[in-house]
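Report on one structure; see the data block that follows.
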Amino acid sequence: MTGGVHGDEPAGIEAVLRFLEGPVEAYLDEFFFSVIPCVNPSGLDGGTRVNKAGQDINRGMSDDTVAESGLLRKFIKRQRYEVFFDHHEDYEATGYYMYEIERNDQLLGARIVEAVKAIGSIDSSENTDIGLDMPISEGLFGVNPKWRGQGWSAYAYFENANHGVLCETPSTAWDLDLRVQAHQIAQGIVLDHYRAKP
């Protein structure tokens with residue numbers, strides 16, 4: 001579970017920290033968590049998408065000159081995760097949307113999107129990353145294999161996980177608490193799904 005790959009996306013960091021301060025207790029008997037609440041602390045300090053060297057950690061997953069990307073790769077090396085969960089925000093979005101990929105196409109995204117609708121709007125099937133997104137249903141997009149070396153979530157999924165979930169909340173359209181709540185809804189649905197599996 002990670003947040004803050006981009007330093008100007010604080011809702012993900014807050015959602016991870018709030019998870020660690022409370023809800024995690026309900027899962028510790030059945031789950032082992034690897035958590036990095038803030039991948040980009042220098043970006044958070046500066047209020048910028050990029051790190052202090054001006055690099056986008058997310059886009060530099062294959063770039064050895066991006067220190068944080070190298071550390072992330074080492075962190076998950078030789079590990080296998082049932083699910084990888086990454087929290088993001090989108091300044092251009094007017095509503096919630098997410099990316100998801102699972103090895104057997106057992107996707108939870110439609111359930112998550114439907115639950116988030118109870119608190120706010122959902123972005124349409126259109127998105128700003130023209131030519132890259134693979135719409136599955138309202139507010140739900142597939143993870144493009146081309147992103148493997150250009151995105152932390154895609155890298156972690158293709159290298160080390162059976163299921164990848166990346167949630168995007170609208171950073172200017174919603175206040176912080178609402179964005180955090182949307183992330184928490186997604187966390188709960190995903191974790192409860194795995195807790196219920198035989």
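The values are calculated or read from the model by the stated rules, or taken from the named source; none is laboratory data. What you are looking at is a predicted structure, and each value in this text was computed from that prediction instead of being measured. Note: ideal-geometry Cβ built from the backbone for every residue, glycine included; neighbour counts use all protein chains shown.
Quick check on region 139-161: of everything there that is under 18 Å from D105 (Cα atoms) and in a loop (DSSP other than H, G, I, E, B), which residue is nearest to the chain's Cα centre (by Cα)?
Here the residue is V143.
Please go through region 64-96 and pick out each residue that is of a type in the set (G, A, S) and either assigned to a helix (DSSP H, G or I) or surrounded by fewer than 19 Cβ atoms within 10 Å (Cβ to Cβ) (or both).
A67, S69, G70
In this structure, is E100 closer than 24 Å to A156 by Cα, in a strand (DSSP E or B) and in contact with a Gly (Cβ under 6 Å, 6 or more places away or on another chain)?
For E100, the condition - closer than 24 Å to A156 by Cα, in a strand (DSSP E or B) and in contact with a Gly (Cβ under 6 Å, 6 or more places away or on another chain) - is met.
Is one or more of the residues making up region 112-129 part of a helix (DSSP H, G or I) and surrounded by fewer than 17 Cβ atoms within 10 Å (Cβ to Cβ)?
Within region 112-129, the subset part of a helix (DSSP H, G or I) is 112-116.
Next, from what is left, pick out any that are surrounded by fewer than 17 Cβ atoms within 10 Å (Cβ to Cβ): 114-115.
The answer is yes, given that some residue of region 112-129 is part of a helix (DSSP H, G or I) and surrounded by fewer than 17 Cβ atoms within 10 Å (Cβ to Cβ).
Among L132, L176, L108, L191, which is surrounded by fewer than 16 Cβ atoms within 10 Å (Cβ to Cβ), at pLDDT 95 or above and hydrophobic (A, V, I, L, M, F, W, C)?
On the way: L132 fails: at pLDDT 95 or above; L108 fails: surrounded by fewer than 16 Cβ atoms within 10 Å (Cβ to Cβ); L191 fails: surrounded by fewer than 16 Cβ atoms within 10 Å (Cβ to Cβ).
Answer to the check: L176.
Sort out which residues of region 2-46 are buried (at least 19 other Cβ atoms within 10 Å of the Cβ), assigned to a helix (DSSP H, G or I) and among the charged types (D, E, K, R), and write them in order of number.
Correct list: E14 only.
Inside region 162-171, can you point out the residues that are over 18 Å from V5 (Cα atoms) and part of a strand (DSSP E or B)?
Selection gives H163 alone.
When region 98-117 is examined, which residues are found to be β-branched (V, I, T) and farther than 13 Å from I136 by Cβ?
Taking region 98-117 first, the residues β-branched (V, I, T) are 101, 112-113, 116.
Correct list: V116 only.
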